1. Please name whichever of SER154, LEU34, LEU234 sits farthest to the positive end of the charge dipole of the chain, dipole taken about the Cα centre and charges placed at Cβ: Lys and Arg +1, Asp and Glu -1.
2. Sorted from largest down, give the three principal axis spans of the alpha carbons of the stretch 45-120, whole angstrom values.
3. Based on the Cβ-Cβ distance from ARG117 to ALA174, what FRET efficiency comes out when R0 is 25 Å, to the nearest 0.05?
4. Hey, rough spin-label estimate for SER162 and ALA303, points 7 angstrom out along Cα→Cβ, what's it come to in nanometres?
5. For the chain, take the longest principal axis of its alpha carbons; what is the angle in degrees between that and the long axis of helix 74-87, to the nearest 10 within 0 to 90?
6. At 25 °C and 0.890 mPa s, what whole-number value in µm²/s does Stokes-Einstein give for the translational diffusion of the stretch 192-260, with Rh from the Kirkwood sum over Cα pairs?
7. What Rg and what Dmax come out for the stretch 256-315 when only alpha-carbon atoms are used, in angstroms?
8. Which value in nm describes the separation of the simple spin-label points at THR215 and ASP19, placed 7 Å from the Cα toward the beta carbon?
Amino acid sequence: MTAPTDGRHSIWLDGGLIDARGPHLNVTDRGFQLGDGLFETARARRGIVIEFDEHLERLRSGCLALGLNLTVSDDQLADAIAELLAAEELDGTGRDDGPVGDAAIRITVSRGPLERRGLLPAGFEDLVATVAIQCWPYVATAAGLLEHGVRAISSTIRRDPSSPLAGVKTTSRADYVVARLEAARASADDALFLTLAGQVSEATAANLFVVAGTTLATPPLTAAILAGTTRTWLLAHAERLGLVAAEVDLQPAELLAADEAFLSGSVAGIVPLVALDGRPIGSGRPGPRTRALRAAREDWIDAMSMAALLPELPD
Ligand SMILES: Cc1ncc(COP(=O)(O)O)c(C=O)c1O
């Protein structure tokens with residue numbers, strides 16, 4: 001398969017680039033029929049996928065959890081992303097509008113197409129996973145959100161920490177979509193999930209942190225959260241950034257009483273969280289620690305992309 005050459009957009013599907021306008025998938029694909037799949041969203045800078053290994057590791061452990069037969073190797077996925085970023089002129093060559101080729105990348109893996117009806121009909125073991133990769137020019141987090149912060153509601157949907165799928169990034173996102181709808185109906189920016197026991201879990205597409213004094217606290221993996229790559233980075237870099245990291249169960253009241261709070265994710269980065277259910281968190285305004293952590297993360301992303309390119313520089 002070859003990339004469209006007339007300025008149309010491409011996606012990478014099962015081995016090559018195709019026109020993003022489709023048609024793409026067999027209608028019997030289990031990802032479409034049942035949300036029987038996984039996805040990863042990552043950020044690329046200068047054509048370098050940030051924390052690519054961590055995203056691949058999470059994707060592969062999700063494949064194990066769901067029993068998906070992903071036959072594409074890590075190297076093939078890396079080549080596919082490079083091919084797609086180049087076709088979309090988002091590979092950091094400066095052809096895109098941004099100076100360094102920032103992009104958002106999504107890898108979607110589904111169990112594959114199966115004609116027979118049912119959850120596990122005969123033949124499901126023989127399926128080979130469908131793999132689709134999309135990319136978009138990176139859209140910077142809205143200045144207004146950074147300046148004023150995210151106002152969240154608590155979703156009516158509760159998270160069950162005992163579910164084996166609690167930390168798996170499946171394409172079955174109906175709960176998350178409904179939580180966002182709840183937020184939109186309440187004129188809020190996002191929703192937070194609480195666990196069945198009423199502890200804070202995470203936001204609809206981000207992990208959650210609070211700053212209290214010099215402590216940087218986030219709910220533990222047992223709070224039905226996704227093990228976010230940005231969360232892992234924050235825990236690993238907290239000390240260097242003058243904070244003491246802690247994974248602790250948080251009650252909504254503790255969130256409200258914190259000095260600052262923020263959300264973390266690969267694409268949007270670190271974004272201040274200033275209110276829950278109409279009540280201010282801390283001062284109700286983005287705080288200095290959050291700003292500093294966001295800047296440190298953005299600098300690190302830049303440094304990582306530069307470092308990854310260094311071996312390719314001529315002597
Ligand atoms: C539910 C949820 N939690 C947390 C995250 C943050 O994960 P990461 O930092 O790996 O992007 C995401 C990212 O998409 C998410 O969907």
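Read the figures in this text as sums done on the coordinates, not as results from a lab. The structure displayed is predicted, hence computed values, not measured ones. Note: ideal-geometry Cβ built from the backbone for every residue, glycine included; neighbour counts use all protein chains shown.
1. Among SER154, LEU34, LEU234, the one farthest towards the positive end of the dipole of the chain is SER154.
2. Its Cα atoms span 48, 26, 17 Å along the three principal axes.
3. The formula returns an efficiency of 0.80 here.
4. So the two model labels end up 4.4 nm from each other.
5. 90
6. Using the Kirkwood radius from Cα pairs, D works out to 204 µm²/s.
7. 16.4, 58
8. It is 5.8 nm.
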